[in-house]
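The values are calculated or read from the model by the stated rules, or taken from the named source; none is laboratory data. The model shown is predicted, which means the values in this text are computed figures rather than measured ones. Cβ atoms come from the backbone with ideal geometry, glycine included; neighbour counts cover every protein chain shown.
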Amino acid sequence: MRKPWIVIAFVAAGACGWFARSASSEDAPAGPVCTPEQQAAMEALAQPGEMHSWLGGHVGTYDLDIQTMDAQGKPASAKATASIAMVLGGRFQEQRLTGTFMGKPYEGYGLTGYDNAKKEFVNYWFDTMGTAPSVARGARSADGKTLTMTGSWDMPTGAMPFKQVLEVTGEKTMTFKMTATMGGAEMTMMEAKYTRK
């Protein structure tokens, strides 16, 4: 297994232009061309921090009660389970969800992280309802109870903006609400209540 510092050094070297010089040049430097300060800054950005710890506070197994809406606004109920864990050295929160959606088996997989450089959360979501992930970015409220992210889906009719709001409602409970803008109007697509076992 590779040591973490080797991986960090390799990434830092590449980003600073290690491979920018010709390998055949006799005048090429023996190492990376970035300064020690630049390399230290890159290594600092790679470290998990307060926001990653906040994501880690949601680790566990959850029962979900889900309310969905179809394009006509007709409600439906569903049940699911979700397993949340921290991966890649505490840098990303992984969610694996199984249940039913519109009467069909459903699986979802998500990664949520905090980008230290851009100072924003980012979420990638993959599921069995399509072959392309959704990507959302946003911020946490100052009180640490709400995470709001926005993005857009590429639909056959064009891009469809969406918003995700995760609210921590108790020590073992959260609610997740997703809305989408269609025809200039924002409508609720789903709302899920998470209860940790």
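For the stretch 99-126, a residue qualifies if it is at pLDDT below 95 and either in a loop (DSSP other than H, G, I, E, B) or within 17 Å of the chain's Cα centre (by Cα) (or both), and the qualifying residues are Met102, Gly103. The residue of the stretch 101-145 that is farthest from Val87 (Cα to Cα), among those that are surrounded by 15 or more Cβ atoms within 10 Å (Cβ to Cβ) and of a type in the set (Val, Ile, Thr), is Val122. Taking the stretch 139-197 as the region of interest, the strands (runs of 3 or more DSSP E) fully inside it that hold 2 or more residues being in contact (Cβ under 8 Å) with a residue 60 or more places away in the chain and of a type in the set (Val, Ile, Thr) are 185-196. The single condition among (1) within 18 Å of Trp54 (Cα to Cα); (2) exposed (fewer than 14 other Cβ atoms within 10 Å of the Cβ); (3) in contact with a Ser or Thr (Cβ under 6 Å, 6 or more places away or on another chain) that Pro161 does not satisfy is (1).
Any chance the stretch 38-54 includes a residue that's in a helix (DSSP H, G or I), surrounded by 14 or more Cβ atoms within 10 Å (Cβ to Cβ) and of a type in the set (Phe, Trp, Tyr)? Yes, the conditions are met somewhere in the stretch 38-54. Of the candidates Met189, Met155, the single residue that is of a type in the set (A, V, I, L, M), surrounded by 15 or more Cβ atoms within 10 Å (Cβ to Cβ) and more than 18 Å from the chain's Cα centre (by Cα) is Met189. Just one of the listed residues (Gln93, Gln67) is under 24 Å from Ser152 (Cβ atoms), touching a residue at least 60 places away in the same chain (Cβ under 8 Å) and in a strand (DSSP E or B), and it is Gln67. Among residues of the stretch 37-49 that are at pLDDT 90 or above, those with a Cβ under 6 angstrom from a residue that is charged (D, E, K, R) and not in a helix (DSSP H, G or I), sequence gap 6+ or separate chain, pair up as Pro48/Arg91.
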